[in-house]
Amino acid sequence: MKTKRVTVDAYQTWQGLFRYALRSGKLQKQPCWVCGEPKSEGHHAHYDLPLDVVWLCRKHHREAHRAAA
């Protein structure tokens, strides 16, 4: 399944919502879902759901994007 291309405005909107949720405590950073690495990034399977994230380390985040391409 290919992900949709997102406009710059849409990207900035969901990114802002995501960052606000992290700062406000509504969303809490978790270790990588695959390997448990504490240094992780939020991966969005669907950009229209900015708070629906899977926490992945840098390595697994890149792999997830390659697999989706």
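The numbers here are math on the coordinates, done by the rules we state, and not lab data. From a predicted model like this one, the values you see are computed outputs, not experimental measurements. FYI the Cβ positions are ideal-geometry reconstructions off the backbone, even for glycines, and counts take in every protein chain you see.
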Among 17-26, 53-62, 33-42, the order from most to least packed when residues are scored by Cβ within 10 Å on average: 53-62, 33-42, 17-26
Points 7 angstrom from Cα along the Cβ direction at T13 and R62: gap in nanometres? 3.2
